[in-house]
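Please read the structure below before turning to the comments.
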Amino acid sequence: MPDSRPRRPDDDTPGSAEAATTDPALVLSGARLTDGRAVDVRLSGSRIEAVGTAGSLTTRGPRIDLRGYLLLPAPAEPHAHGDTALTADGAGPDGPGPASRRAEDIQRRATEAALLQLGHGATSLRAHVRIGDVQGLAALEAVLQARRALHGLADLTAVAVPRLLTGIAGADGLAMLRDAVRMGAAVVGGCPGLDPDPTGYTAAVLEVAAEHGCPVDLHTDSDDPARLARLAAMAGGLRPGVTIGPCAGLAHLPLETASRAADQLAAAGITVVCLPQGGCTGSEHRTSAPVRLLRSAGVRVAAGSGALRDAANPVGRGDPLEAAYLLASQHGLRPEHAYAMVSTTARAALGLPDVRVEAGFPAELLAVRGEGLPAVLSLAYSRIVIHRGRIVARTSAVREYRDSGPDTAAGPDLPRQGRPDSGAGPKS
């Protein structure tokens, strides 16, 4: 296969020109694609420069041997909670007490949480951040500081989530929401169900979003069909778009009602983000949205991680490959469809350019040790994460077994797992 000719899709990725001038070309050699081909991939700046058969591409820069690895578009995280992540250790009767709400501690936790998810493969993340009450905009400022600290490693955007927006009590929240956008919140969001007037709350969010040209991302369980229908009618045609999630309540509605709601969401062009690994509030349904029903109605459905080791889910992993695994194992999706929901579809939900392992596309990639996508979703241990054409995270796992023969007491050495024909590439 000859080198593919570069194509240049629209690229609004910050820092692209800078990366192109500072980093030498990098070749990923011998990687496997989902169609079974073994290829070399040359990266230049923030783009894939060329793709050719294994061994065909040269470079004066570094080479990474990816024999035994599957190369995929990198996942994206469409529904995280940066201000509450990693706070579970302080909860419960034996805990030291509530987690610190000091800005520097929120920033530290938000940064650590994003790095954990980056290690799993998510190079772009959207974090919902509460504003208002006694904290005001402090938590948002802390997450925005974390975003700046992560520059060059991962792209983090913040969703401003006010508590109240209607009536006298909501006037301050509405003013603070506008301040949050001016401060740097890239998305306007919220929880309509927490306001005494959910419809008025939604209208206020949509108004602010229209004023500033921001996307909308609302947190809703979607267990009220009438309210969901009003949302669809109000949000239809809004650009740059409306996302809702986690919509677990749809799974508890009668099939006919849920199907009608899915049709309304599809007609309005609303994206749904489901959370297969669990909800992100303690009172939420522990089920996930009816993914197959929504997809069959034509709704764009992405998958996120939700809570990451906070009070809502103390064991949350924030791993997009686990979300894809659950979509395949519990929702019956084909592995390629399940992975698309945490990668290409999740990127589309965030308004990011498409990624394919083809010349001209963004170099946002994830290499996972494994022979194919089903194996990767089953045992995704070793991973190499590429953001803007640079390796930004690497996880190497080695499995060892004790010799079962009679000489086991002779020494502690254990054989490493690895196929004899895997060459000099990294071990699993």
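The values are calculated or read from the model by the stated rules, or taken from the named source; none is laboratory data. This structure is a prediction, so every number in the text was calculated from the model and none was measured. No Cβ is skipped: glycine too gets one built from the backbone with ideal geometry, and neighbour counts run over all protein chains shown. Heads up: the accessible areas ignore ligands, DNA and RNA and are worked out on the full protein's heavy atoms, side chains in. Shrake-Rupley method; radii C 1.70, N 1.55, O 1.52, S 1.80 Å.
Just for region 292-333: of the residues that are hydroxyl-bearing (Ser, Thr, Tyr) and closer than 22 Å to Leu366 by Cβ, which one is most open to solvent (accessible area, probe 1.4 Å)? Let's see the steps before the verdict.
Initially, region 292-333 is screened for residues hydroxyl-bearing (Ser, Thr, Tyr), giving 296, 305, 325, 329.
Those left that are additionally closer than 22 Å to Leu366 by Cβ: 305, 325, 329.
On the way: Ser305: 2, Tyr325: 104, Ser329: 66 Å².
Per the stated criteria, the residue is Tyr325.
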When residues of region 275-290 are limited to those that are within 20 Å of Ser343 (Cβ to Cβ) and in contact with a Pro (Cβ under 8 Å, 6 or more places away or on another chain), the one surrounded by the most Cβ atoms within 10 Å (Cβ to Cβ): Ala289
Matching residues, region 342-371, being closer than 24 Å to Ala38 by Cα and open to solvent by 20 Å² or more (accessible area, probe 1.4 Å): Thr344, Asp354, Arg356, Val357, Glu358, Arg369, Glu371
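Of all residues in region 149-178, which are of a type in the set (Gly, Ala, Ser), on the phi < 0 side of the Ramachandran plot and not in a strand (DSSP E or B)? Can you show your working first?
Restricting attention to region 149-178, the residues satisfying the condition of being of a type in the set (Gly, Ala, Ser) are 149, 152, 154, 158, 160, 167, 169-171, 173, 175.
This time we only want the ones that are on the phi < 0 side of the Ramachandran plot, so: 149, 154, 158, 160, 169-171, 173, 175.
Within region 149-178, Ala149, Ala154, Ala169, Gly170, Ala171, Gly173, Ala175 meet the criteria.
Being in contact with a Cys (Cβ under 8 Å, 6 or more places away or on another chain) and either under 15 Å from Leu144 (Cβ atoms) or hydrophobic (A, V, I, L, M, F, W, C) (or both) is the filter here, so list the residues in region 157-184 that pass it.
If the condition is that a residue be in contact with a Cys (Cβ under 8 Å, 6 or more places away or on another chain) and either under 15 Å from Leu144 (Cβ atoms) or hydrophobic (A, V, I, L, M, F, W, C) (or both), then Val161, Val181 are the ones that fit.
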Hits in region 47-71 (condition: assigned to a loop (DSSP other than H, G, I, E, B) and open to solvent by 10 Å² or more (accessible area, probe 1.4 Å)): Ala54, Gly55, Ser56, Thr58, Thr59, Arg60, Gly61, Pro62, Arg67, Gly68
Region 72-86, residues that are touching a helix residue (DSSP H, G or I) at 6+ places or on another chain (Cβ under 7 Å) and part of a loop (DSSP other than H, G, I, E, B): Pro75, Gly82, Asp83, Ala85, Leu86
Some residue of region 246-263 being of a type in the set (Val, Ile, Thr), closer than 17 Å to Ala348 by Cα and touching a residue at least 24 places away in the same chain (Cβ under 8 Å): no
Count of region 188-212 residues which are farther than 13 Å from Met234 by Cβ, open to solvent by less than 50 Å² (accessible area, probe 1.4 Å), under 27 Å from the mean Cα position of the chain (by Cα) and without any contact (Cβ under 8 Å) to a residue 60 or more places away in the chain: 4
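Considering only region 311-323, I want to know if a residue exists there that is assigned to a helix (DSSP H, G or I) and over 12 Å from the mean Cα position of the chain (by Cα).
Checking region 311-323: not a single residue is assigned to a helix (DSSP H, G or I) and over 12 Å from the mean Cα position of the chain (by Cα).
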Among (1) more than 23 Å from Ala114 (Cβ to Cβ); (2) at pLDDT 95 or above; (3) in contact with a Gly (Cβ under 7 Å, 6 or more places away or on another chain) - the single one Leu174 does not satisfy: (3)
Residue match in region 297-313 (condition: out of contact with any strand residue (DSSP E or B) (no Cβ under 9 Å at 6 or more places or on another chain), farther than 12 Å from His79 by Cβ and modelled with pLDDT of 95 or more): yes
Top-ranked residue of region 75-103 - restricted to ones that are of a type in the set (Asp, Glu) and either modelled with pLDDT under 95 or farther than 18 Å from Ala158 by Cβ (or both), ranked as surrounded by the most Cβ atoms within 10 Å (Cβ to Cβ): Asp83
Any hit, region 222-244, residues being free of Cβ contacts under 8 Å to residues at least 12 places away in the same chain and acidic (Asp, Glu): no
Members of region 219-274 found to be within 24 Å of His128 (Cα to Cα), touching a Pro at 6+ places or on another chain (Cβ under 6 Å) and among the aliphatic types (A, V, I, L, M), listed by number: Leu250, Ala251, Val273
Answer residue from region 143-187, given it is of a type in the set (Val, Ile, Thr) and open to solvent by 40 Å² or more (accessible area, probe 1.4 Å) and is nearest to Cys214 (Cα to Cα) among those: Thr157
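Considering Ala127, Ala113, which residue is outside any helix (DSSP H, G or I) and either crowded, with 18+ Cβ neighbours inside 10 Å or in contact with a Pro (Cβ under 9 Å, 6 or more places away or on another chain) (or both)?
Just one listed residue meets the conditions, Ala127.
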Breaking point among (1) at pLDDT below 95; (2) surrounded by 20 or more Cβ atoms within 10 Å (Cβ to Cβ); (3) of a type in the set (A, V, I, L, M, F, W, C), for Leu238: (2)
Region 336-372, residues that are in a helix (DSSP H, G or I) and among the basic types (Lys, Arg): Arg347
Region 317-329, residues that are touching a residue at least 40 places away in the same chain (Cβ under 8 Å) and not aromatic (Phe, Trp, Tyr): Arg317, Gly318, Asp319, Pro320, Leu321, Glu322, Ala323, Ala324, Leu326, Leu327, Ala328
